[in-house]
């Protein structure tokens, strides 16, 4: 694709849930969940992007359980996904719920089918607010749900999730979980949580605390992402508008820290292949692509001769800092890389606008050559 401009896809409803189809590595696919106040109107859009033609192909399914706050897809089954949704339970009450669903085979493009719940996850006894449900990176029948006060490990092989382990959040002043993510390293045995301004990682084999970082941010931590290429590195972002990268073996201070947004950062994502490329999405209506080359696995220093050819100096192939950005017209809650192409990413703003963007060719060549 020669055109470096973003491709725009617009939804009828507001939206804040976006996920790449992790198990699909041949096609560029993203899932979007809507937030309509009319419960039965909510939808999940499966977006397939054809890079050669810049055409977006869409399949739409009803998610009549309620407005979608979070989507995660299975890394082993391309048809499975987990949603966290706000469901109306009475005339003047609603509650957050979560479930495992499956995408149906599309028989006709004229009718919109309803998504089928394949595994119900009853979190009502564990907390009032479900933050995320995340599939295990390698085990098909294992998932974790995070409520405001509990981490719940599930067996999702049947129609009803079986609770294997639950870990209550302990601490003074009634702390609450805000988000969580599997650690893809350490034999995938740790689940890392954001707990207000702190990070806590739990060993799901024993329920014990594996490690923690206190006061990782000055304000609420919104998101976490692991570097797939450096096993001790993870990125965090939060309401203090900082992007930080940590080596959790050295919790006293981050190895990388920048503040290039002017408002809260809701999402942070390492590139799956080139970990010096990091996406951040913010309610300042911008998505930034930032270079973190100095702490990446590709921290290669070039040796350059000066003009008189007598002295040699070293310089980084890619300088740290913002490389490019995407402008939205509303708060951006999600930005995601596709596992099918290291140079394509998508971002979703609250007004229901999806942008599918490319890393600029000049940056791509700078990294590759």
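The values are calculated or read from the model by the stated rules, or taken from the named source; none is laboratory data. All values derive from a computational prediction rather than experimental measurement. So basically every Cβ, Gly included, is an ideal-geometry build from the backbone, and we count neighbours across all protein chains shown.
Could you say whether any residue in segment 139-156 is out of contact with any strand residue (DSSP E or B) (no Cβ under 7 Å at 6 or more places or on another chain), surrounded by fewer than 16 Cβ atoms within 10 Å (Cβ to Cβ) and on the phi < 0 side of the Ramachandran plot?
Yes, segment 139-156 contains a residue that is out of contact with any strand residue (DSSP E or B) (no Cβ under 7 Å at 6 or more places or on another chain), surrounded by fewer than 16 Cβ atoms within 10 Å (Cβ to Cβ) and on the phi < 0 side of the Ramachandran plot.
Could you list, in sequence order, all residues of segment 143-164 that are assigned to a strand (DSSP E or B) and within 19 Å of the chain's Cα centre (by Cα)?
143, 144, 145, 146, 147, 151
Name every residue in segment 254-273 that is in a strand (DSSP E or B) and buried (at least 20 other Cβ atoms within 10 Å of the Cβ), in order of residue number.
Passing the criteria: 258, 265, 266, 267, 268, 269, 270.
Since residue 57 meets every condition but one in (1) in contact (Cβ under 8 Å) with a residue 12 or more places away in the chain; (2) over 20 Å from residue 180 (Cα atoms); (3) part of a strand (DSSP E or B), which condition does it not meet?
Exception for residue 57: condition (1).
Which one of the conditions (1) part of a strand (DSSP E or B); (2) surrounded by 17 or more Cβ atoms within 10 Å (Cβ to Cβ) does residue 117 fail to meet, given that it meets all the rest?
Of the numbered conditions (1) part of a strand (DSSP E or B); (2) surrounded by 17 or more Cβ atoms within 10 Å (Cβ to Cβ), the odd one out for residue 117 is (2).
Answer yes or no: is there a residue in segment 302-324 that is surrounded by fewer than 21 Cβ atoms within 10 Å (Cβ to Cβ), modelled with pLDDT of 90 or more and at positive phi.
yes
I need a count of the residues in segment 322-359 that are farther than 16 Å from residue 275 by Cβ and in contact with a helix residue (DSSP H, G or I) (Cβ under 9 Å, 6 or more places away or on another chain).
2
Can you confirm whether segment 193-210 contains a residue that is outside the structural domain of residue 239 (by TED's automatic domain parsing) and exposed (fewer than 14 other Cβ atoms within 10 Å of the Cβ)?
Looking for residues that are outside the structural domain of residue 239 (by TED's automatic domain parsing) and exposed (fewer than 14 other Cβ atoms within 10 Å of the Cβ), one finds none in segment 193-210, hence no.
Assuming residue 190 fulfils every condition listed in (1) in contact with a strand residue (DSSP E or B) (Cβ under 6 Å, 6 or more places away or on another chain); (2) buried (at least 16 other Cβ atoms within 10 Å of the Cβ); (3) not assigned by TED's automatic domain parsing to the domain that holds residue 252 apart from one, which condition is it?
It fails just one condition, (3).
Inside segment 44-55, can you point out the residues that are at pLDDT 95 or above and surrounded by 17 or more Cβ atoms within 10 Å (Cβ to Cβ)?
Within segment 44-55, 44, 45, 46, 47, 49 qualify.
Is there a residue in segment 124-142 that is modelled with pLDDT of 95 or more, farther than 23 Å from residue 94 by Cβ, in a strand (DSSP E or B) and in contact with a helix residue (DSSP H, G or I) (Cβ under 8 Å, 6 or more places away or on another chain)?
Looking through segment 124-142, none of the residues is modelled with pLDDT of 95 or more, farther than 23 Å from residue 94 by Cβ, in a strand (DSSP E or B) and in contact with a helix residue (DSSP H, G or I) (Cβ under 8 Å, 6 or more places away or on another chain).
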